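Everything on this sheet refers to the single structure shown next.
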Amino acid sequence: MRLTEIEARAATTLLTPIHVVAQYTDDDGPALNAVEEVQLASFEFENRRRDWRRGRVALKSLLNSLGRSDDTSRLSFPDAQLSLTHGDGTAYAVGTFAANGGIGVDFETVRPVRDRVVGWFLNEPEIDWLAQSIPADRDRDVIRLWTIKEAVFKCHPDNAGLVLSDFTIADPAAEVCEVRAADGRRFQTMSCHMGDGILSIAVPGDCHED
């Protein structure tokens, strides 16, 4: 799916205007500033430095489109307008212009996941649904549910202390669905097929319930 198609789909299904940047290399785009270069140098391994730089470049491009300073050195997540994910040699940065704020994104390549790992991030109703799904679709279904929960976790403004099993997917079969956190907050999500993986985006839904 093309990035413009993702943006259009978000506008119609999540009712949220978003902008998506995909960075495929670690050397194109806006240059790092001096502080970011120091942060980059702090990583021991070359692969980690490459991924980090790719993500910073994606964020800088996105920040420019949002009219914000492209200095990423002081960014912290969750951010009311930004989210970032890496996978399959690509960094995806997603931003929202919505007044309510909050966004989360996650990408994972489709691959087998061990049952003990599935039991760590899915709760019982979701595991029961997965057991009834078509075996040939299991890997893709698992990764889709994983990315949904990761995206919601990144979108949650108070995610410290939460784990993925604290989030319940209303309809595990749906590519556009509601997710509810253990604290009552609700989120709307959508999932897209991107090459060999799944990209999921989450935005806030209903307000926190007392």
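Listed values, structure above:
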quantity	calculated
Which listed residue is of a type in the set (Ser, Thr, Tyr) and more than 15 Å from the chain's Cα centre (by Cα), from Ser191, Ser165	Ser165
Top-ranked residue in the range 19-46 [being under 15 Å from Ala91 (Cβ atoms) and open to solvent by 80 Å² or more (accessible area, probe 1.4 Å); ranked as modelled with the lowest pLDDT]	Asp27
Condition check for Leu63: open to solvent by 20 Å² or more (accessible area, probe 1.4 Å), under 27 Å from Thr16 (Cα atoms) and not polar (S, T, N, Q)	no
Lone qualifier among Arg49, Arg56 - being charged (D, E, K, R), open to solvent by 10 Å² or more (accessible area, probe 1.4 Å), touching a residue at least 24 places away in the same chain (Cβ under 8 Å) and part of a helix (DSSP H, G or I)	Arg56
Evaluation of Ile134 against (1) open to solvent by 40 Å² or more (accessible area, probe 1.4 Å); (2) closer than 26 Å to Ile18 by Cβ (one fails), failing number	(2)
Positions within the range 27-51 being in contact with a strand residue (DSSP E or B) (Cβ under 9 Å, 6 or more places away or on another chain) and either more than 18 Å from Asp106 (Cα to Cα) or of a type outside the set (Asp, Glu) (or both), in sequence order	Gly29
Filtered residues of the range 93-125 (kept if under 15 Å from Glu150 (Cα atoms) and of a type in the set (Asp, Glu))	Asp106, Glu108
Residues (open to solvent by 10 Å² or more (accessible area, probe 1.4 Å) and touching a strand residue (DSSP E or B) at 6+ places or on another chain (Cβ under 9 Å)) located in the range 91-100	Tyr92, Phe97, Ala98, Asn100
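One line per residue, one yes/no per condition, for (1) of a type outside the set (Ser, Thr, Tyr); (2) in contact with a Phe, Trp or Tyr (Cβ under 7 Å, 6 or more places away or on another chain); (3) modelled with pLDDT under 95:
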{"residue": "Thr85", "(1), (2), (3)": "no, yes, no"}
{"residue": "Asp88", "(1), (2), (3)": "yes, no, yes"}
{"residue": "Val94", "(1), (2), (3)": "yes, no, no"}
{"residue": "Glu108", "(1), (2), (3)": "yes, yes, no"}
{"residue": "Arg111", "(1), (2), (3)": "yes, no, no"}
{"residue": "Pro135", "(1), (2), (3)": "yes, no, yes"}
{"residue": "Asp141", "(1), (2), (3)": "yes, no, no"}
{"residue": "Trp146", "(1), (2), (3)": "yes, yes, no"}
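Per-residue answers, yes or no, for (1) aromatic (Phe, Trp, Tyr); (2) buried (at least 16 other Cβ atoms within 10 Å of the Cβ); (3) touching an Asp or Glu at 6+ places or on another chain (Cβ under 6 Å):
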residue	(1), (2), (3)
Arg138	no, no, no
Pro157	no, no, no
Gly161	no, no, no
Leu164	no, yes, no
Phe167	yes, yes, no
Ala182	no, no, yes
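The values are calculated or read from the model by the stated rules, or taken from the named source; none is laboratory data. Here the structure is a predicted model, which is why all the values come from computation and not from measurement. Here Cβ is always computed from backbone atoms with ideal geometry, including for glycine, and neighbour counts include all displayed protein chains. For accessibility, only protein heavy atoms count, side chains too; no ligands or nucleic acids. Shrake-Rupley method; radii C 1.70, N 1.55, O 1.52, S 1.80 Å.
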